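First comes the structure, then the notes that go with it.
The values are calculated or read from the model by the stated rules, or taken from the named source; none is laboratory data. None of these values were measured; they are calculated from a predicted model. Here the Cβ is made from the backbone with ideal geometry for all residues, glycine too, and neighbour counts use every protein chain on show.
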Amino acid sequence: MSPFAVKCERPQVKICGLTRADEAAACEAAGADAIGCVFFPKSPRCTTAPQAAEIRRGLKRSTALVGVFVDAPASDILRIRDRTGIDCVQLHGNEPPELIEQLVAEGLTVIKTLFTNAFPAMSEADRFPAHAFLVECAGGPLPGGNALAWDWSQAKALGAKYPLVIAGGLTPATVCRALQSSFADAVDVSSGVEFKPGRKNLDQVAAFIDELARCAADLPETRNRPRRIFP
């Protein structure tokens, strides 16, 4: 059975932008389902392959390690996969469908990012043979949401068709509202649980996951939701 057909007890949590193995392990201990490492040189959270390999060694095999890329060629992504052991890739640029096909053929789980006010837009989802989609708004100097909150309900229709991750503007104070608006299968948080780029506030991480677990019990019951995103 595909992992994306498996219903989870609660929406999954990805803590992204990790640069240290000890903080990644602490996020895992707090209940994170996935840890994200950013391989985009312009990002203040950029992780090197040796750092990511150390993070992978400190995690349980049941915790996914996700590599975040922006318009990187398949050869670079696969080389980093081989050096680090990432289980999943998150594509945050204007990657073509053919790149996704190639990565899927290599056995990687692929999440494609779509945007509410930039391209590729949610309306383009059918073009991409990804396992799941991450949606956020766009704005600011870097690809991605840049911590901007948005109307999370805009992604609800996409989530009715495909496995859905939401990001952007998520904090312990907003995660419940985001889930109630979008009914997403997973959430992706970075700056909302940091004390500076690439360094996590572990108290905020724990508060975020605790708040998600608390409100998950109040989400409406829907057949086969939330679906497992991270392997």
Q: Kindly list the number of the only condition in (1) assigned to a helix (DSSP H, G or I); (2) of a type in the set (A, V, I, L, M, F, W, C); (3) over 26 Å from LEU65 (Cβ atoms); (4) in contact with a strand residue (DSSP E or B) (Cβ under 9 Å, 6 or more places away or on another chain) that fails for CYS215.
A: (4)
**Q.** Enumeration of residues in the stretch 106-135 that are in a loop (DSSP other than H, G, I, E, B), of a type outside the set (Val, Ile, Thr) and over 16 Å from GLY36 (Cα atoms)
**A.** GLU106, GLY107, ASN117, ALA118, PHE119, PRO120, PHE128, PRO129, ALA130, HIS131
Q) Which one is nearest to the chain's Cα centre (by Cα), of the residues in the stretch 48-81 that are more than 20 Å from VAL13 (Cα to Cα) and among the hydroxyl-bearing types (Ser, Thr, Tyr)? A) THR48
Q: With a cut-off of at least 1 residues that are in contact (Cβ under 8 Å) with a residue 24 or more places away in the chain, in contact with a Cys (Cβ under 6 Å, 6 or more places away or on another chain) and not basic (Lys, Arg), name the strands (runs of 3 or more DSSP E) lying wholly within the stretch 16-105.
A: 34-38, 64-69
Q: Those residues that are assigned to a helix (DSSP H, G or I), buried (at least 21 other Cβ atoms within 10 Å of the Cβ) and of a type in the set (A, V, I, L, M, F, W, C), I need them from the stretch 149-197; list them, please.
A: TRP152, ALA155, VAL175, ALA178, LEU179, VAL193
Q. Scanning the stretch 40-58 for residues that are crowded, with 21+ Cβ neighbours inside 10 Å and among the hydrophobic types (A, V, I, L, M, F, W, C), which turns out nearest to ALA21 (Cα to Cα)?
A. ILE55
(Q) Among the residues in the stretch 60-70, are any surrounded by fewer than 20 Cβ atoms within 10 Å (Cβ to Cβ) and either of a type in the set (A, V, I, L, M, F, W, C) or touching a Gly at 6+ places or on another chain (Cβ under 7 Å) (or both)? (A) no
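Could you list, in sequence order, all residues of the stretch 13-49 that are of a type outside the set (A, V, I, L, M, F, W, C) and within 25 Å of GLU95 (Cα to Cα)?
Initial filter on the stretch 13-49 (of a type outside the set (A, V, I, L, M, F, W, C)): 14, 17, 19-20, 22-23, 28, 31, 33, 36, 41-45, 47-48.
Scanning the stretch 13-49 gives LYS14, GLY17, THR19, GLY36, PRO41, LYS42, SER43, PRO44, ARG45, THR47, THR48.
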Q: Mind listing whichever residues of the stretch 116-135 are among the aromatic types (Phe, Trp, Tyr) and modelled with pLDDT of 95 or more?
A: PHE128, PHE133
Q) Scanning for something loosely packed, with under 14 Cβ neighbours inside 10 Å and either touching a Cys at 6+ places or on another chain (Cβ under 7 Å) or under 20 Å from PHE230 (Cβ atoms) (or both), does the stretch 115-123 turn up at least one residue? A) yes
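Check whether at least one residue in the stretch 7-15 is modelled with pLDDT of 95 or more and on the phi > 0 side of the Ramachandran plot, and report yes or no. Working first, answer last.
As a first pass, look at the stretch 7-15 and keep what is modelled with pLDDT of 95 or more: 11-15.
Subset that is on the phi > 0 side of the Ramachandran plot: none.
No, the stretch 7-15 contains no residue that is modelled with pLDDT of 95 or more and on the phi > 0 side of the Ramachandran plot.
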(Q) So GLY144 ticks every box in (1) crowded, with 22+ Cβ neighbours inside 10 Å; (2) modelled with pLDDT under 90; (3) in contact with a Lys or Arg (Cβ under 6 Å, 6 or more places away or on another chain) but one. Which box is left unticked? (A) (3)
